[in-house]
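Read the structure below first, then the notes.
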Amino acid sequence: MNMREEGGLIVIEIENKKKGSGSKNPGKAFEKDFYDSIPENVFAYRMKDDSLGFANVKNPCDFILYKIPNLYLLELKSHKGKSIPFGALQLNQVESLYQYSTIDGVKAGFVFNFRDVNETYFVNA
């Protein structure tokens, strides 16, 4: 993974090392490709994923990354089509990531993967 800033935007390049990454769930395959693309010199923590909401677990994001001088809080979304429906975003994630993004040195937002066009974008919370 290569992260850089261009004109106020954070550009994240993800290398798909294996076609489909062996998962039948395209969202999980995208998360695995993302994780596998993180350089060794970047601290990465994958939050426990409780997609069914047991025990009322509501994580603000999927990944916490740290590379001097920034902490990155990223929620990954992979979607078939050319847009992400608002229903795919959880209100607690939008609100928490926005709050965290107001702290100096914290970059928080969403990484949207559009499978039909094979494009991925970072959007600040």
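The values are calculated or read from the model by the stated rules, or taken from the named source; none is laboratory data. As the structure is a prediction and not an experimental result, all values here were calculated from the model. Here Cβ is always computed from backbone atoms with ideal geometry, including for glycine, and neighbour counts include all displayed protein chains. The accessibility values were calculated without ligands, DNA or RNA, using every heavy atom of the protein model including side chains. Shrake-Rupley method; radii C 1.70, N 1.55, O 1.52, S 1.80 Å.
Taking segment 98-119 on its own, how many of its residues are under 19 Å from Asp62 (Cα atoms), touching a residue at least 12 places away in the same chain (Cβ under 8 Å) and outside any strand (DSSP E or B)?
Residues that pass the stated criteria total 5.
State whether the residues of segment 63-75 include one that is surrounded by 10 or more Cβ atoms within 10 Å (Cβ to Cβ) and in a loop (DSSP other than H, G, I, E, B). Can you show your working first?
From segment 63-75, those surrounded by 10 or more Cβ atoms within 10 Å (Cβ to Cβ) are 63-67, 70-75; that's our starting set.
The next check asks that each one be in a loop (DSSP other than H, G, I, E, B); those that pass are none.
No: segment 63-75 contains no residue that is surrounded by 10 or more Cβ atoms within 10 Å (Cβ to Cβ) and in a loop (DSSP other than H, G, I, E, B).
Looking only at segment 76-97, filter to residues that are open to solvent by 60 Å² or more (accessible area, probe 1.4 Å) and part of a helix (DSSP H, G or I); which one of those is farthest from Phe114 (Cα to Cα)?
Going through the qualifying residues, I end up with Glu95.
Give the residues of segment 26-58 that are part of a loop (DSSP other than H, G, I, E, B), over 14 Å from Leu74 (Cβ atoms) and modelled with pLDDT under 90, sorted by residue number.
Answer for segment 26-58, where residues must be part of a loop (DSSP other than H, G, I, E, B), over 14 Å from Leu74 (Cβ atoms) and modelled with pLDDT under 90: Lys48, Asp50, Ser51, Leu52, Gly53, Val57, Lys58.
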